[in-house]
Amino acid sequence: MTILRNATTKSMEDKAAPDDLHFESVLEAPPAKVWRALTIPDYVAAWLRPAENGIDAAHSPRRDSSEPELVDCRLLAAEAQQMLRYAWSEKMQERILDSVVTFELAPHGEGSTLLRITQGSFVLRPVAANLNQPTMLLKAA
């Protein structure tokens, strides 16, 4: 079951901003297995479309316009089988949404994992008008 809420624990409330998004889910897998799904590139590619793979919206099935065209992430911090933190950048139409995404894992019962995902520190910025990419010129008639 996935839950969206502002702050789930006192420790999260201390460091959470009012606009942060928090998702929690109990997964029927041990933390080691969930950690592999979050860290092995082939497994990550199954649920996240990394920009470094050169995949873009033009080569994917039609999606809702609110979905990101590209996701680019840079690792900021990691604690094995406990926490991953990324600088996250999503290109959405003519804007880029920068944020910080944190994945926290904790044992939950026998063989299960509590996965907490927090996304915050949002900055919305426009896409540069000149991307310094080659342009096509049309021949004047």
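Counting only helices (runs of 4 or more DSSP H) that sit completely within region 4-47, zero hold 2 or more residues that are at pLDDT 95 or above, within 16 Å of the chain's Cα centre (by Cα) and surrounded by fewer than 16 Cβ atoms within 10 Å (Cβ to Cβ). Of the residues L84, L76, L97, the single one that is modelled with pLDDT of 80 or more, of a type outside the set (V, I, T) and over 16 Å from V123 (Cβ atoms) is L84.
Taken as a whole, the condition of being at pLDDT below 65, closer than 30 Å to P31 by Cα and out of contact with any Lys or Arg (no Cβ under 7 Å at 6 or more places or on another chain) applies to E52. Can you tell me which residues in region 80-94 are assigned to a strand (DSSP E or B) and out of contact with any Lys or Arg (no Cβ under 7 Å at 6 or more places or on another chain)? M83, L84, R85, W88, S89, E90, K91, M92 - these are the residues of region 80-94 that are assigned to a strand (DSSP E or B) and out of contact with any Lys or Arg (no Cβ under 7 Å at 6 or more places or on another chain).
In region 55-73, the residue that is modelled with the highest pLDDT out of those that are of a type in the set (A, V, I, L, M, F, W, C) and farther than 25 Å from T113 by Cα is V71.
The values are calculated or read from the model by the stated rules, or taken from the named source; none is laboratory data. Since the model is a prediction, treat every value here as computed from it, not as a measurement. No Cβ is skipped: glycine too gets one built from the backbone with ideal geometry, and neighbour counts run over all protein chains shown.
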